[in-house]
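The values are calculated or read from the model by the stated rules, or taken from the named source; none is laboratory data. Not measured: the values here are computed from a predicted model. FYI the Cβ positions are ideal-geometry reconstructions off the backbone, even for glycines, and counts take in every protein chain you see.
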Amino acid sequence: MQIIIFIIFIFLILINNNSFANSKSNNVKKERENSFSFEEVDQLRKKSTELLKTKKTVIREQNKSSLIRNKKRLRLRAVSARIGVRGLLDIGELEKGKVSINYEALSWVETQELSETESIEFLNQ
Amino acid sequence: MSKTLLIFFFVFSISVKTDAEVVKPQKKQNFRIRLNNSITENDTKLLENEIVFGRGIASKLLGKYELLKDKKINNYIGKIGTGIAAQFGRKQVKYFFGILVSEEINAFAASGGYIFITTGTLKILENEAQLAGVLAHEISHDKRKHIVENLNLNDISSEQNIYSAFNILGGAVRTALEKLNLIAFQILTEQGLPENDEYEADIDTIQTLQKIGYNPHSYVKFLNNTLLISKRKFSSTHPSTELRIQKLNEFLVSKKISKDKGKLNTDRFGFYVEI
């Protein structure tokens, strides 16, 4: 009987020891997991910057594409607005050709001095 | 490439269609009213706008035709023209006269006092009375604003005009006015004014020539000369010359205007006009 109690006692001690040892090792493991080395931190930083860069480029591309779309819309609206005005004015079938303008010749015409009284006298001669 | 083009045209046609659907008849009418919102003829702002409109047409005419920069002839035509313009009672408008180098037998009245005559017309003129007749005819068009009437905007009232539209701000109106200027230019150079407008100007011409003391029959003679040449090169912008001559002869008979009455000033014309 005494022997049996002794064995149980030893067994219990052993179990306790094992559980302690296990818990200790677990703690060490956790500590190891929570602690980072400089290299690991640096790698993480690099990864995060790369992620940020990719996000920025994606946003830029999205903005670009939206701008292009808007521009196209504006152009189409401008064209259609012109056509709308054309329709309002009953232009009919007149074609808009390239018309050249000469303001230099016009200014020559405008600078020719003419007196009304002199002209009337000239007509009466 | 062709696929993208097809897509573009498809999108374009949809956008145009939707715009056309948006413009309702009521809005059209309102736009016309805004354009035709008339002010009295003596309004200075309105006159300024008329001149701006006329300058636009004149600059286009000078872009199409070369200007003859001969001070002697230009001054002579200017004197005759200014004297005639004084008879029309538009003292607030300063008239400008230019000679266009072209074999075409034609003359133009851009709005706002800009009058042009071609060298082709000067070549077939026989005397000063005929020159006065041509200038009087164009000044009459200018005074009666025939070119504005023919822009199809005056369906509210013939007395109303578009010049007040210059006072309205807004891109659409500005674009519309530029378009109108182009149409006016095309009417002058390609289509010509309607028969009634030509006849009105003809009657004004006869009356003015008579008032100044020129022989009114000289103008009919000029029209006859153009009719003779018409088969060769007379401008298509005056298609009904024969009918105009007939109507003018009837008018001269009804007013009992003698054929021999009035000056011709053939010598003076020959001295100044050497083309």
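Residues that are of a type in the set (A, V, I, L, M) and away from chain A (no Cβ under 12 Å) within region B:85-116 comprise B:Ile105, B:Ala107, B:Ala109, listed in sequence order. Of all the residues in region B:203-243, those that are at pLDDT 90 or above and among the charged types (D, E, K, R) number 3. Taking every residue in region A:35-61 that is free of Cβ contacts under 8 Å to residues at least 60 places away in the same chain and pairing it with any residue that is aromatic (Phe, Trp, Tyr), at least 6 positions away or on another chain, the pairs with Cβ-Cβ distances below 9 Å are A:Leu44/A:Phe36. Between B:Tyr76, B:Tyr65, B:Tyr95, the distinction of being under 21 Å from A:Ser115 (Cα atoms), among the hydroxyl-bearing types (Ser, Thr, Tyr) and touching a strand residue (DSSP E or B) at 6+ places or on another chain (Cβ under 7 Å) belongs to B:Tyr95 only. Whenever a residue of region A:1-25 is in a helix (DSSP H, G or I), it has no partner that is at pLDDT below 70 lying with C-beta atoms less than 6 angstrom away and at least six residues away or across chains.
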